[in-house]
There are 4 protein chains.
Amino acid sequence: MTIRTGVIGAGVMGADHAQNLARNIGGASLSVIADIDAERAQASASALGARAVSDPLELIKANDVDAVVIASHDSTHAELVQACLDAGKPVLCEKPLAPTAAEAREVVEAERRVRDDQGRSLVSVGFMRRFDPGHLEVREAIEEGRLGRTLLLHGISRNVSAAPGATSESAVTNSAIHELDSFPWLLDSPITEVAWVPGILSTSEAASGLQDPAFMMMRLGSGVLATLELFLNAGHGYSTQCEVVGEHGTGRFLEPASVAYNADLKSYTQYPQDWRPRFAEAYRRQLQAWIHSLQEGTGSPLASAEDGLRATLAAEAMVASMHNGGAFTPVEQV
Amino acid sequence: MTIRTGVIGAGVMGADHAQNLARNIGGASLSVIADIDAERAQASASALGARAVSDPLELIKANDVDAVVIASHDSTHAELVQACLDAGKPVLCEKPLAPTAAEAREVVEAERRVRDDQGRSLVSVGFMRRFDPGHLEVREAIEEGRLGRTLLLHGISRNVSAAPGATSESAVTNSAIHELDSFPWLLDSPITEVAWVPGILSTSEAASGLQDPAFMMMRLGSGVLATLELFLNAGHGYSTQCEVVGEHGTGRFLEPASVAYNADLKSYTQYPQDWRPRFAEAYRRQLQAWIHSLQEGTGSPLASAEDGLRATLAAEAMVASMHNGGAFTPVEQV
Amino acid sequence: MTIRTGVIGAGVMGADHAQNLARNIGGASLSVIADIDAERAQASASALGARAVSDPLELIKANDVDAVVIASHDSTHAELVQACLDAGKPVLCEKPLAPTAAEAREVVEAERRVRDDQGRSLVSVGFMRRFDPGHLEVREAIEEGRLGRTLLLHGISRNVSAAPGATSESAVTNSAIHELDSFPWLLDSPITEVAWVPGILSTSEAASGLQDPAFMMMRLGSGVLATLELFLNAGHGYSTQCEVVGEHGTGRFLEPASVAYNADLKSYTQYPQDWRPRFAEAYRRQLQAWIHSLQEGTGSPLASAEDGLRATLAAEAMVASMHNGGAFTPVEQV
Amino acid sequence: MTIRTGVIGAGVMGADHAQNLARNIGGASLSVIADIDAERAQASASALGARAVSDPLELIKANDVDAVVIASHDSTHAELVQACLDAGKPVLCEKPLAPTAAEAREVVEAERRVRDDQGRSLVSVGFMRRFDPGHLEVREAIEEGRLGRTLLLHGISRNVSAAPGATSESAVTNSAIHELDSFPWLLDSPITEVAWVPGILSTSEAASGLQDPAFMMMRLGSGVLATLELFLNAGHGYSTQCEVVGEHGTGRFLEPASVAYNADLKSYTQYPQDWRPRFAEAYRRQLQAWIHSLQEGTGSPLASAEDGLRATLAAEAMVASMHNGGAFTPVEQV
């Protein structure tokens, strides 16, 4: 059974999803692309043999759309997910599920009502790191006890340059939110409190209102302390690192370089400029796993609406710590 | 347009192909699996929603089979490819195209006749390394001149243990044949002569009649010397390495480890036991590229029948060198 | 001019120093070894052609001792350094200079009086990391501005197992004290406040009263935040790591492995069991630099008594933070 | 007992040896430096508190010279070693012992006569790789059987640029001679035959008469095949690599980088420009071991005159292979 999909948002992320669904995902086809910029929608759709619309609600209701991917502006996520719920259609919403925990909670509650009625969960959230080979292998090593009981986790997230308009708050809610989902997922334990360490030097590339780099701490239910350096203007490359420290050993992701070079008195591997090459495989696997689950009627193996809410709650607690001198701040549990 | 496929051979390799075509390749579906072992065919087919047959010719002729994958015993390849040509259907044949150059040449000639009539090439050969990210990146670096003019190439191919019944000759025709295809492909230059260095120690794991490890040399049309250590009973892990040495630098594939561990006084990455995890991504990408080319009616980006013949001719010259004291032996050109 | 030396303490560290001074350091000779265990002193001395005494003061006063190395129990350091000052002899005292800042301050003051009288500084402290090639290269990269302005520093210090009787406090004053010296030395900026993060899981190998691992933070005068994971029972190997994060790039020490192995499905390098192989070269270079400075009458390039006091003051502030819920605690400046 | 030394040759190598003997080697002092360029000798000597002479024979005969280091032009080595033998003084001669095997054999025979008379061997040859930590660890791993029986050895030797006037022959006798000593030393088995593979592309940096890179093969008495890429104009860095392939695993030297950098979209370590930083530690350890052996009257642990002859015989066989179409050529045994 082929799952006919529609993609809302024809920006970088939406175009990638559309391309994958049209060409590289078994069991999927692409019917429609929606974008408020009608030309952009048309350009994407033509290249992929799909049709274009400007109204996302038209896409959601279309008869030849069995499932929806939302990759439009963050501010539209909650409303569009709600429309999918109303239409009874499965939806994969890019992170964040909603800009605020209050809105995310409304989505979760709406989704639970649908789930109660129909016995299945319709909402998945695009925390694609859950499908990155390095993340998966570390998680498996932890589950199998190969490292012993986990004690600490150190994360580093570096971008080449911050998005225009980035603030200390958006650095948490848009960037660190990946770790606020992946850390508890890796360790199978919720984040219970967080702290944002104040008073750090900023790079001269940081805009006014942006603390960059930032350093954060999280405590998990299991007692593990997790630390995170988030550096948006790191310049030297896009890099996602994580080391899990267990009683008997440690495991850390490797940057997925395919080739080592020798030149100019250096032995080197290359960093990507941004997240797309780094996580291209994770995005593809996430879409494939989602389509498989829809074909088979099994539960989605992706992050759930609750997971999306949890990450947003942790992000809001982190921002509260930021505004409160860096104190450890409890995270509301779902 | 969905390409409906059939897979001949339900062994390890065929089952992987079938699984991919049924589930993980965009634009493909799986209609039939054929195996002389009817039960094995049935088991694979049932799990994937396909039907099973025992006669491969029935599969080739089936109306719901647009394209065929051959993963049966090497000895059947040439004949089955011929049947696909007779049926006018595109075929992806696992390497080798044929056990001997003479048979491979017959396939090439038959395929040329069909191609002349219909204007398209129907035969692709499964030299999947051409779709491995490391191979592709090294090839691109060479093409772009980033390493300067290529001067040397060093390859290492190590398996954990040799297949039962392996001989010095089969080590060339079944294992080294990958490099006999990938080296000229990497450098875009044909192999013109080869030498098999005699008189090397064998591991005690080597069977009678098997020189293991073996050391080979190849000259390419560009003048490059390529060397290859082939060690089937290496024991320590499955490993495919290659360093290209250019005037201005070198590039080498990295073993694609996702995680680095610290434990037991060691800092380590893990080797796979065999080729499946190492090249799983290359196999998937090869199938996807093949399906795309069929959907779009463009030429196949996979190795061609001529490429299959070239590798077999190089392998036969290597075996001739082996039987002739290790002298450099010319390779017949296609 | 050969510098004739005496070594106080014939334990592991003292025996290494004695061996180096007797055999491996240009311009040095070894005259005497002192240990309260007369047999141990005699055993070491005989093997190296030196004489043994049990009274360290006898060694300090000996006519054939131009300079003294103190490697006896920590509790004796301050008093013995004072005796060297009284004798007007240069002394290299193993870290810590004194168990408490109060005692260290007395030494500093006494040393300043001697220095004022004689115009030279007599006391060096054995913070050998200042002579480790990795530390030196990172420091040079910072000084030359190759990484841009430094923003963050992440350190990791792991031992295989904690010394018997280790406590959370001794982990700071005996182990983390290395970083409390090396971090400000690397960045040429003093530590101004410190925090010891409470509430971390301990390994089951940790003794009662020992938080292990521990996580600490330091702010430096330059504004840099430094973090440190200290894990005494890490089990998997002795490892000293540090990454300096600058505006334009990062630099981190590599574990100094000489050989990479492939075996047992692993590609690995080996960790040492303890600090001796890791820092053997740093210890030798430190002694050689000290002897050179004595031969040439130039100032000692080793850590000074003031440096020893500074590290001890930072350690005491860290312990105060530990006993005060983890609050950032100011460090008294020298 | 301090060993008073004299160094013949005040070029790069001689100046390094002199500096080490004067300052960094326990048990040694430097009395005299000789160089045919009197000013150069004087400059070196003044800085190190030694005296300068222009006549090397004057140095050899000097009363305050117990042992001699020869680092003058290769063409003078044999004659000066002979003078040391005549004077009954231990000598460390830089490689090669002599430019030809015939001359090297004369030295060996003269040294045997002295040895017979006095019961000790006076001549050591400066094959410093025997004191490189990576070489030593690989040798130990082989001896202890950790890799199983050795089957193959792959070496790579790359320089940034060839010395002026380098020829294909001098590349063997001056550069590859290091491997012609270190490979049999690593495996404790002599080289029995060698082959120089003809017909390889040269870099455009290669001078007329210089095959660069070159590829060589060696068979050892144990049956092991060793291969060597020698690339003098490699440009990308000075690099000495070697992988020993055993039945149960492999071991290879790591380039001894102390720091890993992230910058400019690269994760990298740096290569040295030449051999001096790469082997500085090996040179120092070699000198120290030599001085210890002289102090203790034990046999020298350095390469012997016979070792020097063996390497020269292998080099001459390699050149013979070069001039004979690349045939395997037997090496005369000592």
Relative contact order %, the range B:75-172, counting alpha carbon pairs below 8 Å whose residues are six or more apart = 23
If you project the alpha carbons of the range B:31-82 onto the principal axes, what extent comes out on each, in Å, largest first?
-> 29, 22, 14
The range C:195-334: relative contact order in percent, alpha carbon pairs under 8 Å with at least 6 residues between | 22
Nearest-5 percent of antiparallel DSSP beta bridges in chain B?
-> 55
Packing-wise, with mean Cβ within 10 Å as the measure, how do A:205-212, D:295-302 rank, highest first?
-> A:205-212, D:295-302
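Sum up the charges of everything whose Cβ sits under 12 Å from the Cβ of C:Gly299, counting Lys and Arg as +1 and Asp and Glu as -1, but leave C:Gly299 out.
On the way: positive: C:Arg115, C:Arg120; negative: C:Glu296.
Charge balance in the 12 Å sphere: +1.
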How long are the three semi-axes of the equivalent ellipsoid of the protein assembly as shown, in whole Å, if each is the root of 5 times an eigenvalue of the C-alpha gyration tensor, listed from largest down?
-> 58, 46, 23
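Between B:Ile36 and B:Ser204, what is 0.36 nm times their sequence separation minus the Cα-Cα distance? Round to one decimal in nm.
Values: separation 168, 0.36 × 168 = 60.48 nm, distance 3.60 nm.
Going from the current span to full extension adds 56.9 nm.
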With a Förster radius of 30 Å, plug the Cβ-Cβ distance of D:Asp116 and D:Ser54 into 1/(1 + (r/R0)^6) and report the FRET value to the nearest 0.05.
-> 0.30
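Take the alpha carbon atoms of chain A, find their radius of gyration, then divide it by 2.2 N^0.38 Å using N residues; give the quotient. Write out the running numbers ahead of the final one.
On the way: Rg = 20.1 Å, N = 334, 2.2 N^0.38 = 20.0 Å.
Ratio of Cα Rg to 2.2 N^0.38 Å: 1.00.
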How high is the FRET efficiency between D:Ala320 and D:Met1 when r is their beta carbon distance and R₀ equals 56 Å, given to the nearest 0.05?
-> 0.75
D_trans [Stokes-Einstein, Kirkwood Rh over alpha-carbon pairs] for the range C:3-128, 20 °C, 1.002 mPa s, µm² s⁻¹ | 151
Only Lys, Arg, Asp and Glu count, each charged at its Cβ (+1, +1, -1, -1), so figure out the dipole size of the protein assembly as shown about its Cα centre, rounded to 20 debye.
-> 0
One finds the C-alpha centres of the range B:24-43 and the range D:1-70 to be spaced, in Å, by 80
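When only Cα pairs under 8 Å and 6 or more residues apart are kept, what is the percent relative contact order across the range C:3-128? Show your work: numbers first, answer last.
Numbers: 252 pairs, mean separation 27.6, N = 126.
Relative contact order of the range C:3-128: 22 percent.
How well do other chains shield peptide A:13-23, expressed as the mean number of their Cβ atoms within 10 Å of each residue Cβ? Don't skip to the end; give the middle numbers.
Values: counts 0, 0, 0, 0, 0, 0, 1, 1, 1, 2, 7.
That average works out to 1.
Consider all pairwise Cα distances in the range D:221-283 and report the whole-number % of them above 13 Å. Could you put the intermediate results ahead of the total?
Numbers: 1455 of 1953 pairs.
For the range D:221-283, the share of Cα pairs beyond 13 Å comes to 75 percent.
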Calculate how steeply helix B:101-118 sits against the longest principal axis of the alpha-carbon atoms of chain B, using the helix alpha-carbon long axis, and give the answer as 0 to 90 degrees to the nearest 10.
-> 50
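Count the DSSP beta bridges whose two residues both fall in the protein assembly as shown, then state the antiparallel fraction as a percent rounded to the nearest 5. Walk me through the numbers on the way to the answer.
Working: 146 of 254 bridges.
About 55 percent, rounded to the nearest 5.
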Take every residue in peptide D:149-160, count the Cβ atoms of other chains within 10 Å of its Cβ, and give the average of those counts.
-> 3
Chain D Cβ-axis minimum, rotational copy A, residue and distance in Å = D:Tyr268, 2
Scaled radius of gyration (Cα, divided by 2.2 N^0.38 Å) that the range D:216-334 gives | 1.38
Could you give me the ³J(HN,Hα) list for the range D:73-89, computed from phi with Karplus coefficients 6.51, -1.76, 1.60 and θ = phi - 60°, whole Hz, x at Gly and Pro?
-> 4, 3, 5, 9, 4, 4, 5, 6, 4, 4, 5, 5, 4, 4, 7, x, 10
If amide H atoms are modeled at 1.01 Å from N in the peptide plane, then the residues at a separation of 5 or more from D:Ile3, or on another chain, having amide H under 5 Å from its own are D:Ala28, D:Ser29
For residues of A:201-210, the mean tally of beta carbons on other chains within 10 Å = 3
Tell me, what is the per residue accessible area of chain B in Å², probe radius 1.4 Å?
-> 35
Environment charge of B:Gln42, counting only residues whose C-beta is closer than 15 Å and scoring Lys/Arg +1, Asp/Glu -1 = -3
Chain B: most fluctuating residue of B:Asp117, B:Asp188, B:Asp64 per GNM, C-alpha cutoff 10 Å | B:Asp117
Where does the charge balance sit around B:Glu316 when Lys and Arg score +1, Asp and Glu -1, over other residues with C-beta under 12 Å from its C-beta?
-> -1
Quick one: check the C-alpha center-to-center distance for the range C:226-243 versus the range A:228-285, whole angstrom.
-> 21
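How big is the antiparallel share of DSSP beta bridges in the range C:117-251, given as a percent to the nearest 5?
Details: 22 of 29 bridges.
Of the beta bridges lying entirely in the range C:117-251, close to 75 percent run antiparallel.
Using the Kirkwood formula over every pair of different C-alpha atoms, what hydrodynamic radius in Å results for the range B:100-209?
Details: mean 1/r = 0.0583 Å⁻¹.
That comes to 17.1 Å for the range B:100-209.
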Taking θ as phi - 60°, what are the ³J(HN,Hα) couplings along the range B:262-277 by the Karplus curve (6.51, -1.76, 1.60), each to the nearest whole Hz, with x for Gly and Pro?
-> 10, 6, 6, 6, 10, 10, 8, 10, 9, 8, x, 6, 8, 6, 5, x
Buried accessible area between C and A, both sides, 1.4 Å probe, in Å² rounded to 100, is 2600
Between the range A:83-141 and the range C:116-172, what is the C-alpha centre distance in whole Å?
-> 48
At D:Thr100, with labels set 7 Å past Cα in the Cβ direction, how many nm apart are the copies from this one, shortest first?
-> 5.6, 8.0, 9.4
What's the carbon and sulfur percent of chain B's accessible surface, probe 1.4 angstrom, rounded to a whole number?
-> 49
Pick out which of A:Asn159, A:Asn262, A:Asn174 has the largest mean-square fluctuation in a Gaussian network model of chain A, springs linking Cα atoms closer than 10 Å.
-> A:Asn262
Which of the pairs B:Lys266/D:Lys95; B:Lys95/C:Lys266; D:Lys61/D:Lys95 have their Cα atoms more than 31 Å apart in this structure?
-> B:Lys266/D:Lys95
Note, the range C:198-209: 3J(HN,Hα) by Karplus (6.51, -1.76, 1.60, θ = phi - 60°), whole Hz, Gly/Pro = x, goes x, x, 9, 4, 10, 5, 5, 7, 6, 6, 4, x
Hey, in the GNM for chain D with a 10 angstrom Cα cutoff, which one of D:Gly165, D:Gly148, D:Gly11 fluctuates hardest?
-> D:Gly165
So what's the angle, to the nearest 10 degrees on a 0 to 90 scale, between helix A:305-322 and the longest Cα principal axis of chain A?
-> 40
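The values are calculated or read from the model by the stated rules, or taken from the named source; none is laboratory data. Note that the structure is a prediction, hence the values are computed from the model and not measured. Methodologically, a virtual Cβ is constructed for each residue, glycine included, from the backbone with ideal geometry; neighbour enumeration extends over all protein chains shown. Ligands, DNA and RNA are stripped out before the accessible areas are found, and what is left, the full protein with its side chains, is counted by its heavy atoms. Shrake-Rupley method; radii C 1.70, N 1.55, O 1.52, S 1.80 Å.
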